[in-house]
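What follows is one structure encoded as structure tokens, with my remarks underneath.
The values are calculated or read from the model by the stated rules, or taken from the named source; none is laboratory data. Bear in mind that the values here come from a model prediction, so they are computed numbers and not experimental data. Methodologically, a virtual Cβ is constructed for each residue, glycine included, from the backbone with ideal geometry; neighbour enumeration extends over all protein chains shown. Please note that ligands, DNA and RNA were not included when accessible areas were found on the heavy atoms of the full protein model with its side chains. Shrake-Rupley method; radii C 1.70, N 1.55, O 1.52, S 1.80 Å.
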Amino acid sequence: MNFNKKLVLAGILFVTLLLAACGESDNAAEDNGDTSTEQEQNGTRTITDAVGNEVEVPANPQNVIASYLEDYLVALDITPVAQWSVRDGEDVQDYLQDDLGQVPTIPSDLPYEAVASFEPDLLIMDSAEMVEGNKYEQYSKIAPTYVVGEAQNNEWREELKDVAKVFAKEEEAEQILTDYEEKATNAKEEISSAIGSESAAALWLFNDTFYIVNENLSSGDVLYNDLGLTAPNVVQEISGDTVANWSEISLEKLAELDADHIFLINDDKESGSKMLDDPIWQNIPAVQNGNIYEYPGDSAWLYTGPIANSQIIDDVLESVTE
């Protein structure tokens, strides 16, 4: 075979391979297009949740259940089809009821039958713990199920962003956070001017038992991390030994609480509590100086999220700057 023939054959082979490659590329593009078109026709998007599940969620979900994440939903202008509750619906997140007052309740442990009865088109779970074992599989049979966080207590800002991603509302979430940070910064300056480096603690009184807030969770996160208040030694000590939002504090430990200010969430106000007459309580510096700021048990102080935390900032400002 002479040199010219070799060149011709090589050219033919090259063109053949090129056409084959183009055909495969076109087929791949066509396949991708079909998948995308199919999702568009079905009105869905596929996103990956916190534990690695690829979830095909409705582009515009109408019947959402996101138990204990209602604060984020309301902030993003989304109304769930059912809301978190305990004690057979007797207790709900009262601070959200201006927006959720007409929304039916669902037990906090989300029984399958109760969930299915609302015919949800999307379930959002607060943590991986809620779908342990085969629970994820069972919930997914009812509706697409998206898990927001791996931990029991997730950082609320990241949680807001994650929930917003499910609804393609990332820009709204960023604006909510921007507004919150501005509010917290301004409040921090006012509080510092009013009480300087004086210490403060949040206590919850329930059934004649005191609970103290974690330094880095719930309203403690707002007090110490956002508003810069000084945490008493007892708060730091108890927070170092637990991952709970609120921990029971014994009378012996309460005697060591040298807080200058106390935010008291009093669930026993109507029934009365002997604990507030106890000499140990009466000897706390904040009590002796009249720096006790009392809130009902249905206030935002026991919860977290952009709405709850914003209300807590308002409460602190009103209390310490009056």
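Quick notes on this structure:
- In the chain the Cα-Cα distances spread across 20 Å bins starting at 0 as 27, 45, 17, 8, 3, 0 percent of all pairs.
- Extension gain for the segment GLN236 to THR185, taken as residue separation times 0.36 nm less the Cα-Cα distance, is 16.1 nm to one decimal.
- Expected 222 nm ellipticity per residue - DSSP helices of 4 or more, -39500 (n - 2.57), all of the chain, to 500: -13000 deg cm²/dmol
- For the chain, the number of Lys pairs with C-alpha atoms closer than 25 Å, counting only pairs eight or more positions apart or on separate chains, is 10.
- Spin-label pair ASN225/ALA194, simplified geometry with 7 Å Cα→Cβ offset, distance in nm: 2.3 nm
- Residue-normalised accessible area of the chain, given per residue in Å² at a 1.4 Å probe: 52 Å²
- Contact order relative to length of the chain, as percent, for alpha carbon pairs under 8 angstrom and 6 or more apart: 15 percent
- Region 198-245 and region 37-114 have Cα centres spaced 29 Å apart.
- Most mobile of LEU123, LEU110, LEU276 in a GNM of the chain (Cα contacts under 10 Å): LEU276
- Max mean-square fluctuation residue, GNM over the chain, Cα-Cα springs under 10 Å, options ASP71, ASP208, ASP226: ASP208
- Fraction of C-alpha pairs exceeding 24 angstrom in region 173-322: 27 percent, rounded to a whole number.
- Apolar share of the accessible surface for the chain: 46 percent from carbon plus sulfur atoms, 1.4 Å probe.
- Alpha-carbon centroids, region 253-322 and region 158-188: separation in whole Å: 27 Å
- When the chain is treated as a GNM with alpha-carbon contacts under 10 Å, the residue of GLU172, GLU182, GLU159 showing the greatest mean-square fluctuation is GLU182.
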